[in-house]
1. Please list, ordered by first then second residue, the pairs with beta carbon atoms under 6 Å, 6 or more apart or interchain, first in the stretch 31-58 and over 22 Å from SER8 (Cβ atoms), second among the polar types (S, T, N, Q) and in a helix (DSSP H, G or I).
2. May I ask you to list the residues in the stretch 1-15 that are exposed (fewer than 13 other Cβ atoms within 10 Å of the Cβ) and either modelled with pLDDT of 80 or more or in contact with a His (Cβ under 6 Å, 6 or more places away or on another chain) (or both)?
3. Of all residues in the stretch 1-28, which are farther than 14 Å from GLU60 by Cβ, in a loop (DSSP other than H, G, I, E, B) and under 13 Å from the mean Cα position of the chain (by Cα)?
4. Consider TYR53 against the criteria (1) assigned to a loop (DSSP other than H, G, I, E, B); (2) surrounded by 16 or more Cβ atoms within 10 Å (Cβ to Cβ): it satisfies all of them except one. Which criterion is unmet?
5. Mind checking which residues of the stretch 31-47 are assigned to a helix (DSSP H, G or I), surrounded by 10 or more Cβ atoms within 10 Å (Cβ to Cβ), modelled with pLDDT of 80 or more and among the hydrophobic types (A, V, I, L, M, F, W, C)?
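The values are calculated or read from the model by the stated rules, or taken from the named source; none is laboratory data. Everything numeric in this text was worked out from a predicted model, so none of it was measured. Glycine also receives a Cβ, built like all others from the backbone with ideal geometry; neighbour counts cover every protein chain displayed.
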Amino acid sequence: MQTFIEQSISNTSKGKRLSVFLRSCVHCGFCTATCPTYQLLGDELDGPRGRIYLIKSMLEGEASIE
């Protein structure tokens, strides 16, 4: 997955670990079959890939949790 993590985050040890995590997801979909949240709600955004996209958006400065 291509990511553009903000400079202030990408140079930290946590930012580097999160970058590796984001890039390891190949969007195969196998995780959704075993995800209890996805099975309960049936919404892709509530599944593992939705959470990965949320993390990616936050690291890229596009979203925030308040």
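1. Between residues of the stretch 31-58 that are over 22 Å from SER8 (Cβ atoms) and residues that are among the polar types (S, T, N, Q) and in a helix (DSSP H, G or I), the close pairs are TYR38/THR32; ASP46/THR37; GLY47/THR32.
2. Once the filter is applied, which keeps residues that are exposed (fewer than 13 other Cβ atoms within 10 Å of the Cβ) and either modelled with pLDDT of 80 or more or in contact with a His (Cβ under 6 Å, 6 or more places away or on another chain) (or both), the stretch 1-15 yields GLN7, SER8, ASN11, THR12, SER13, LYS14.
3. CYS25, VAL26, HIS27
4. For TYR53, the exception is condition (1).
5. CYS31, LEU41
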